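Beneath this line is the structure, given in C-alpha coordinates, with notes to follow.
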Amino acid sequence: MSASNAGQFRASKSVTASVVGPGLSAVRAACALNSEQLAGLAPVFELIGKHLDATMSRPATDERFRATGRGILVAVSDVRWQRREFVLITEFGVDELGSLIKKANEFYDSCETTLGMRFETTELSEAVCACWIQWSRHAYKSFRRRIPAWDDSADIGVASLLLAAPDLRQELVRIAVSGGVPVLAVALNSAHATASHLKCNIRYLALSLPAWARASGVVAGRA
(Lines give C-alpha, C1' and ligand atoms only; values in the text may rest on other atoms or scores of the structure.)
Protein backbone atom coordinates (compact mmCIF):
# COMPACT_ATOMS: atom_id res chain seq x y z
CA MET A 1 0.00 0.00 0.00
CA SER A 2 1.34 3.43 -0.88
CA ALA A 3 2.22 5.76 1.97
CA SER A 4 -0.09 8.32 0.45
CA ASN A 5 -3.10 6.22 1.44
CA ALA A 6 -5.12 7.34 4.43
CA GLY A 7 -4.55 4.10 6.29
CA GLN A 8 -0.81 4.63 6.27
CA PHE A 9 -0.50 7.92 8.13
CA ARG A 10 -0.74 8.79 11.77
CA ALA A 11 -1.01 12.39 12.99
CA SER A 12 -1.02 12.96 16.73
CA LYS A 13 -0.83 15.83 19.15
CA SER A 14 -0.71 16.78 22.83
CA VAL A 15 1.77 14.05 23.77
CA THR A 16 3.08 13.97 27.30
CA ALA A 17 6.21 12.04 28.17
CA SER A 18 6.35 11.27 31.88
CA VAL A 19 8.26 8.11 30.92
CA VAL A 20 11.11 8.21 28.41
CA GLY A 21 10.47 5.38 25.97
CA PRO A 22 12.78 3.81 23.36
CA GLY A 23 11.82 6.30 20.64
CA LEU A 24 12.62 9.37 22.70
CA SER A 25 15.77 7.71 24.07
CA ALA A 26 16.98 7.01 20.52
CA VAL A 27 16.25 10.60 19.45
CA ARG A 28 18.10 12.09 22.42
CA ALA A 29 21.12 9.87 21.84
CA ALA A 30 21.25 10.78 18.14
CA CYS A 31 20.82 14.49 18.89
CA ALA A 32 23.68 14.36 21.39
CA LEU A 33 25.96 12.84 18.73
CA ASN A 34 24.92 15.40 16.08
CA SER A 35 24.33 18.48 18.21
CA GLU A 36 26.44 20.80 16.05
CA GLN A 37 24.49 19.97 12.88
CA LEU A 38 20.91 20.27 14.20
CA ALA A 39 20.42 23.97 13.33
CA GLY A 40 18.26 24.58 16.41
CA LEU A 41 15.87 21.72 15.53
CA ALA A 42 16.51 19.58 18.62
CA PRO A 43 13.06 20.49 20.10
CA VAL A 44 11.38 19.22 16.91
CA PHE A 45 13.25 15.91 17.17
CA GLU A 46 12.28 15.73 20.86
CA LEU A 47 8.61 16.00 19.87
CA ILE A 48 9.11 13.31 17.21
CA GLY A 49 10.59 10.98 19.84
CA LYS A 50 7.60 11.44 22.14
CA HIS A 51 5.20 10.70 19.31
CA LEU A 52 7.09 7.59 18.24
CA ASP A 53 6.67 6.18 21.73
CA ALA A 54 3.02 7.19 22.03
CA THR A 55 2.03 6.03 18.55
CA MET A 56 3.88 2.74 18.32
CA SER A 57 2.63 1.58 21.72
CA ARG A 58 -1.04 1.76 20.69
CA PRO A 59 -2.65 -1.57 19.72
CA ALA A 60 -4.37 0.03 16.69
CA THR A 61 -0.94 0.92 15.29
CA ASP A 62 -0.10 -2.69 14.57
CA GLU A 63 -2.74 -2.72 11.86
CA ARG A 64 -1.19 0.31 10.17
CA PHE A 65 2.54 -0.25 10.52
CA ARG A 66 4.38 -3.48 9.94
CA ALA A 67 7.49 -2.30 11.79
CA THR A 68 9.18 -5.64 11.16
CA GLY A 69 12.37 -4.54 9.41
CA ARG A 70 10.69 -4.94 6.01
CA GLY A 71 10.07 -1.23 5.79
CA ILE A 72 11.15 2.20 7.01
CA LEU A 73 9.14 4.28 9.43
CA VAL A 74 9.23 7.99 8.57
CA ALA A 75 8.41 10.60 11.23
CA VAL A 76 8.23 14.28 10.26
CA SER A 77 7.49 17.52 12.08
CA ASP A 78 7.97 21.21 11.40
CA VAL A 79 8.73 24.17 13.67
CA ARG A 80 5.58 25.85 12.37
CA TRP A 81 3.49 22.89 13.64
CA GLN A 82 4.87 22.98 17.18
CA ARG A 83 2.13 25.06 18.80
CA ARG A 84 -0.29 22.21 18.08
CA GLU A 85 2.37 19.52 18.56
CA PHE A 86 1.68 17.83 15.23
CA VAL A 87 3.85 14.95 14.03
CA LEU A 88 3.23 12.68 11.04
CA ILE A 89 4.37 9.07 11.12
CA THR A 90 4.08 6.79 8.10
CA GLU A 91 5.79 3.70 6.69
CA PHE A 92 7.31 2.72 3.37
CA GLY A 93 7.63 -0.99 2.69
CA VAL A 94 10.79 -2.31 1.08
CA ASP A 95 8.78 -3.03 -2.06
CA GLU A 96 7.77 0.64 -2.28
CA LEU A 97 11.23 2.18 -2.15
CA GLY A 98 11.97 1.58 -5.83
CA SER A 99 8.90 3.50 -7.00
CA LEU A 100 9.66 6.22 -4.45
CA ILE A 101 13.15 6.75 -5.87
CA LYS A 102 11.78 6.63 -9.43
CA LYS A 103 9.29 9.38 -8.60
CA ALA A 104 12.08 11.54 -7.21
CA ASN A 105 14.31 10.95 -10.23
CA GLU A 106 11.45 11.98 -12.52
CA PHE A 107 11.06 15.14 -10.46
CA TYR A 108 14.77 15.94 -10.72
CA ASP A 109 14.73 15.27 -14.46
CA SER A 110 11.82 17.66 -14.93
CA CYS A 111 13.64 20.31 -12.88
CA GLU A 112 16.79 19.83 -14.95
CA THR A 113 14.77 20.27 -18.14
CA THR A 114 12.98 23.35 -16.80
CA LEU A 115 15.96 24.99 -15.10
CA GLY A 116 18.77 23.72 -17.29
CA MET A 117 20.57 22.70 -14.10
CA ARG A 118 21.55 19.45 -12.40
CA PHE A 119 20.59 18.22 -8.92
CA GLU A 120 23.66 19.64 -7.17
CA THR A 121 22.88 23.25 -8.10
CA THR A 122 21.40 25.87 -5.79
CA GLU A 123 18.37 26.25 -8.05
CA LEU A 124 17.38 22.61 -7.75
CA SER A 125 18.08 22.62 -4.01
CA GLU A 126 15.52 25.40 -3.81
CA ALA A 127 13.10 23.24 -5.77
CA VAL A 128 13.54 20.45 -3.19
CA CYS A 129 12.94 22.94 -0.38
CA ALA A 130 9.84 24.09 -2.23
CA CYS A 131 8.51 20.51 -2.11
CA TRP A 132 8.92 20.34 1.66
CA ILE A 133 7.46 23.81 2.18
CA GLN A 134 4.45 23.07 -0.02
CA TRP A 135 3.86 19.77 1.72
CA SER A 136 4.27 21.20 5.23
CA ARG A 137 1.54 23.74 4.62
CA HIS A 138 -0.73 21.15 3.03
CA ALA A 139 -0.13 18.73 5.93
CA TYR A 140 -0.90 21.35 8.60
CA LYS A 141 -4.25 22.07 6.99
CA SER A 142 -4.92 18.36 6.56
CA PHE A 143 -4.28 17.62 10.24
CA ARG A 144 -6.79 20.25 11.27
CA ARG A 145 -9.36 18.90 8.83
CA ARG A 146 -8.58 15.27 9.79
CA ILE A 147 -7.91 14.22 6.21
CA PRO A 148 -4.88 12.36 4.73
CA ALA A 149 -1.79 14.54 4.73
CA TRP A 150 0.79 12.55 2.74
CA ASP A 151 1.16 13.38 -0.95
CA ASP A 152 3.66 13.36 -3.83
CA SER A 153 5.59 16.33 -2.43
CA ALA A 154 6.32 14.37 0.74
CA ASP A 155 7.33 11.30 -1.32
CA ILE A 156 9.83 13.42 -3.25
CA GLY A 157 11.11 15.05 -0.06
CA VAL A 158 11.85 11.69 1.58
CA ALA A 159 13.34 10.24 -1.60
CA SER A 160 15.59 13.31 -1.98
CA LEU A 161 17.17 12.51 1.39
CA LEU A 162 17.67 8.85 0.50
CA LEU A 163 19.21 9.77 -2.86
CA ALA A 164 21.45 12.55 -1.59
CA ALA A 165 22.72 10.84 1.56
CA PRO A 166 24.30 7.39 1.02
CA ASP A 167 25.36 7.36 4.67
CA LEU A 168 21.69 7.61 5.65
CA ARG A 169 20.73 4.69 3.40
CA GLN A 170 23.56 2.58 4.78
CA GLU A 171 22.59 3.29 8.37
CA LEU A 172 18.92 2.41 7.76
CA VAL A 173 20.00 -0.87 6.14
CA ARG A 174 22.34 -1.60 9.06
CA ILE A 175 19.50 -1.07 11.53
CA ALA A 176 17.20 -3.39 9.60
CA VAL A 177 19.86 -6.11 9.34
CA SER A 178 20.57 -5.86 13.08
CA GLY A 179 16.92 -6.58 13.86
CA GLY A 180 15.80 -3.08 14.80
CA VAL A 181 13.02 -1.06 13.18
CA PRO A 182 14.59 1.61 10.89
CA VAL A 183 13.20 5.09 11.52
CA LEU A 184 13.93 8.18 9.42
CA ALA A 185 13.20 11.24 11.58
CA VAL A 186 12.94 14.51 9.64
CA ALA A 187 12.79 17.92 11.31
CA LEU A 188 11.88 21.01 9.29
CA ASN A 189 11.80 24.74 9.83
CA SER A 190 9.71 26.31 7.08
CA ALA A 191 8.35 29.04 9.36
CA HIS A 192 9.99 31.90 7.48
CA ALA A 193 9.55 30.65 3.93
CA THR A 194 7.71 32.88 1.48
CA ALA A 195 6.76 32.65 -2.18
CA SER A 196 9.93 34.55 -3.09
CA HIS A 197 12.16 32.92 -0.45
CA LEU A 198 11.85 29.16 -0.79
CA LYS A 199 14.28 28.26 1.96
CA CYS A 200 13.83 25.89 4.89
CA ASN A 201 16.11 24.07 7.28
CA ILE A 202 15.97 20.28 6.88
CA ARG A 203 17.72 17.91 9.26
CA TYR A 204 17.37 14.14 9.52
CA LEU A 205 18.36 11.33 11.85
CA ALA A 206 18.43 7.57 11.36
CA LEU A 207 17.07 5.86 14.46
CA SER A 208 16.68 2.27 15.61
CA LEU A 209 13.40 1.44 17.32
CA PRO A 210 13.36 -1.98 19.06
CA ALA A 211 10.68 -4.36 17.80
CA TRP A 212 9.39 -4.83 21.34
CA ALA A 213 8.31 -1.17 21.38
CA ARG A 214 5.26 -2.13 19.32
CA ALA A 215 2.01 -2.78 21.16
CA SER A 216 2.27 -6.46 20.16
CA GLY A 217 6.00 -6.64 20.72
CA VAL A 218 7.47 -9.25 23.00
CA VAL A 219 8.14 -7.51 26.31
CA ALA A 220 8.38 -8.69 29.90
CA GLY A 221 5.15 -10.48 30.77
CA ARG A 222 4.00 -10.72 27.13
CA ALA A 223 6.35 -13.32 25.70
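The values are calculated or read from the model by the stated rules, or taken from the named source; none is laboratory data. These numbers come from a predicted model, not from an experiment. Using ideal geometry, Cβ is built from the backbone for each residue, glycine included, and neighbour counts are taken over all protein chains shown. All accessible areas refer to the heavy atoms of the entire protein, side chains included, with ligands and DNA or RNA removed. Shrake-Rupley method; radii C 1.70, N 1.55, O 1.52, S 1.80 Å.
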Considering only residues that are open to solvent by less than 10 Å² (accessible area, probe 1.4 Å) and touching a residue at least 24 places away in the same chain (Cβ under 8 Å), which ones fall in the range 132-141? 132, 133, 136, 139
Condition first: part of a loop (DSSP other than H, G, I, E, B) and free of Cβ contacts under 8 Å to residues at least 60 places away in the same chain. Now tell me which residues in the range 160-200 satisfy that. 165, 178, 192, 195, 196
Could you tell me which residue of the range 152-179 is surrounded by the fewest Cβ atoms within 10 Å (Cβ to Cβ), considering only residues that are touching a Pro at 6+ places or on another chain (Cβ under 7 Å) and closer than 23 Å to residue 42 by Cα? 175
So the helices (runs of 4 or more DSSP H) completely within the range 1-115 holding 1 or more residues that are at pLDDT 80 or above, of a type outside the set (A, V, I, L, M) and crowded, with 19+ Cβ neighbours inside 10 Å are 22-33, 42-56
Starting from the range 201-223, take each residue that is within 27 Å of residue 132 (Cβ to Cβ) and list its partners that are modelled with pLDDT under 90 and hydroxyl-bearing (Ser, Thr, Tyr), counting only C-beta distances under 8 angstrom and pairs at least six apart or across chains. 208/178
